[in-house]
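Working notes, beginning with the structure itself.
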Amino acid sequence: MRGRSIDVTVPSSIAAALEGVAVVISCIDQPGRALLEAAIERGLRYTDITPHLTEIGRGAGYERIDAAARAFEARLVLGTGIVPGISNVIVRALADTLGGVDEIETSLLLNAGDVSGPASFDYFLQELTMPFDVHMDGRDRTVRAFSASRLVEYPAPAGARLSYLFPFSDQVLYPRTVGARTAVTRLAIEPEWLSKVLSVVARTGISRLLAIGAIRHAIARQRKSARSDKGARFALRVDVRRGRNSRHATLFGQTQADAAAAGAAGVARALIEGEIREPGAWMPEQVIDPAPFLSRLAARGLKVEWPAA
């Protein structure tokens with residue numbers, strides 16, 4: 001095994017790095033989609049931990065990517081990690097149990113001291129300023145990040161936390177992939193006071209300052225020197241409803257970056273071993289078999305719990 005240098009903003013660098021490659025796992029926040037496009041044109045297998053599907057949408061933008069992947073016989077899984085990624089596979093498992101899906105709500109609890117680089121933190125700040133669409137009762141509604149709080153019961157020892165709407169990519173395509181009439185994703189941050197502060201920032205004029213790139217970058221650079229808490233906990237809860245019946249599943253662990261890596265590794269394994277046979281642009285709930293995927297997570301100490309209905 002050997003490393004390769006790549007600059008995702010330079011086409012010639014991408015071309016050189018992809019020479020002789022079969023599978024691409026993108027773990028960086030990219031300024032564009034040049035790496036994805038190059039992987040498609042070469043008919044490669046590709047997955048992305050930061051797909052930004054809220055920008056693509058479930059309409060023409062997604063259809064263009066899917067059509068190109070089919071034309072070049074590329075196999076894409078648009079979203080891997082925790083949310084999207086592990087959460088999508090859990091949705092598939094719950095939907096199989098209920099015989100379908102009407103409503104999906106995914107909630108993620110993260111610790112502010114967890115491992116995250118300046119680039120991902122910069123994008124997090126940017127998301128606080130971005131309006132985005134959520135699908136509710138069969139219609140799209142435009143909302144803002146850290147709005148419409150709801151008390152979510154996370155697995156012990158986390159417990160109940162106020163959780164806010166957030167533009168995670170998993171919710172974008174559920175209406176298309178599983179026919180959900182409602183699909184929303186929420187985020188809570190520890191310590192809890194920080195979530196409340198971010199909610200105030202998101203609904204006031206302060207958020208406009210974060211839309212200025214220079215200010216965001218300066219804050220992110222300060223974050224780079226902050227000490228990370230590698231033992232910080234995270235919690236995930238996925239709720240699925242079908243008619244009058246509902247089920248949920250939970251996951252609790254330490255260090256969300258490690259869990260995201262485990263989720264990405266599971267999707268990468270499916271790509272490498274040829275489990276995704278049809279070319280196209282897919283979401284995990286469409287092409288990842290829950291049983292072996294979740295079994296591999298459990299072997300890494302990430303055991304999904306399925307409380308009784």
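The values are calculated or read from the model by the stated rules, or taken from the named source; none is laboratory data. Values in this document were obtained by computation on a predicted structure and should not be read as measured data. Note that each Cβ is placed from the backbone with ideal geometry, even for glycine, and that neighbours are counted across all protein chains shown. Surface accessibility is based on the protein's heavy atoms, side chains included, excluding ligands, DNA and RNA. Shrake-Rupley method; radii C 1.70, N 1.55, O 1.52, S 1.80 Å.
Within the range 82-102, the residues that satisfy the criterion of being in a loop (DSSP other than H, G, I, E, B) and either on the phi > 0 side of the Ramachandran plot or surrounded by fewer than 22 Cβ atoms within 10 Å (Cβ to Cβ) (or both) are Gly99, Gly100, Asp102. Among the candidates Ala268, Ala264, Ala291, Ala298, the residue that is under 15 Å from Ser87 (Cα atoms) and in contact with a strand residue (DSSP E or B) (Cβ under 7 Å, 6 or more places away or on another chain) is uniquely Ala264.
For the range 149-169, the tally of residues that are over 20 Å from the mean Cα position of the chain (by Cα), among the hydrophobic types (A, V, I, L, M, F, W, C) and either crowded, with 20+ Cβ neighbours inside 10 Å or assigned to a loop (DSSP other than H, G, I, E, B) (or both) stands at 2. Any residue at all in the range 273-280 that is outside any loop (DSSP other than H, G, I, E, B), at pLDDT 95 or above and either of a type in the set (Lys, Arg) or open to solvent by less than 40 Å² (accessible area, probe 1.4 Å) (or both)? There is at least one residue in the range 273-280 that is outside any loop (DSSP other than H, G, I, E, B), at pLDDT 95 or above and either of a type in the set (Lys, Arg) or open to solvent by less than 40 Å² (accessible area, probe 1.4 Å) (or both).
Of all residues in the range 281-309, count the ones that are of a type in the set (Phe, Trp, Tyr) and either in a helix (DSSP H, G or I) or farther than 17 Å from Asp170 by Cα (or both).
Selection size over the range 281-309: 2.
Whenever a residue of the range 265-292 is within 20 Å of Tyr62 (Cβ to Cβ), its partners that are aromatic (Phe, Trp, Tyr) and crowded, with 19+ Cβ neighbours inside 10 Å, lying with C-beta atoms within less than 7 angstrom and at least six residues away or across chains, give the pairs Ile276/Trp282. Quick one: in the range 170-190, of everything that is assigned to a loop (DSSP other than H, G, I, E, B) and among the aliphatic types (A, V, I, L, M), which residue is farthest from Ile86 (Cα to Cα)? That would be Ala180. Applying the condition of being open to solvent by 30 Å² or more (accessible area, probe 1.4 Å) and among the charged types (D, E, K, R) to the range 118-139 and asking which residue is modelled with the lowest pLDDT yields Asp133. Here is a check on your reading of the model: is Thr142 open to solvent by 10 Å² or more (accessible area, probe 1.4 Å), under 17 Å from the mean Cα position of the chain (by Cα) and of a type in the set (Val, Ile, Thr)? Criteria not met by Thr142. Of the residues making up the range 67-83, those that are touching a Leu at 6+ places or on another chain (Cβ under 8 Å) and more than 19 Å from Trp306 (Cα to Cα) are Ala69, Ala74, Arg75, Leu76, Val77, Leu78, Gly79.
Highlighted here are the helices (runs of 4 or more DSSP H) found entirely within the range 24-81 that include at least 1 residues which are over 15 Å from the mean Cα position of the chain (by Cα) and surrounded by fewer than 18 Cβ atoms within 10 Å (Cβ to Cβ): 34-41, 60-72. Among the residues of the range 39-56, just one is among the small types (Gly, Ala, Ser) and within 28 Å of Asp258 (Cα to Cα), namely Ala39.
Residues in the range 217-240 that are farther than 18 Å from Val304 by Cα and either modelled with pLDDT of 85 or more or not small (Gly, Ala, Ser) (or both): 9 in all. Scan the range 11-19 and tell me whether some residue there is open to solvent by 30 Å² or more (accessible area, probe 1.4 Å), in contact with a helix residue (DSSP H, G or I) (Cβ under 7 Å, 6 or more places away or on another chain), at pLDDT below 95 and in a loop (DSSP other than H, G, I, E, B). Checking the range 11-19: not a single residue is open to solvent by 30 Å² or more (accessible area, probe 1.4 Å), in contact with a helix residue (DSSP H, G or I) (Cβ under 7 Å, 6 or more places away or on another chain), at pLDDT below 95 and in a loop (DSSP other than H, G, I, E, B).
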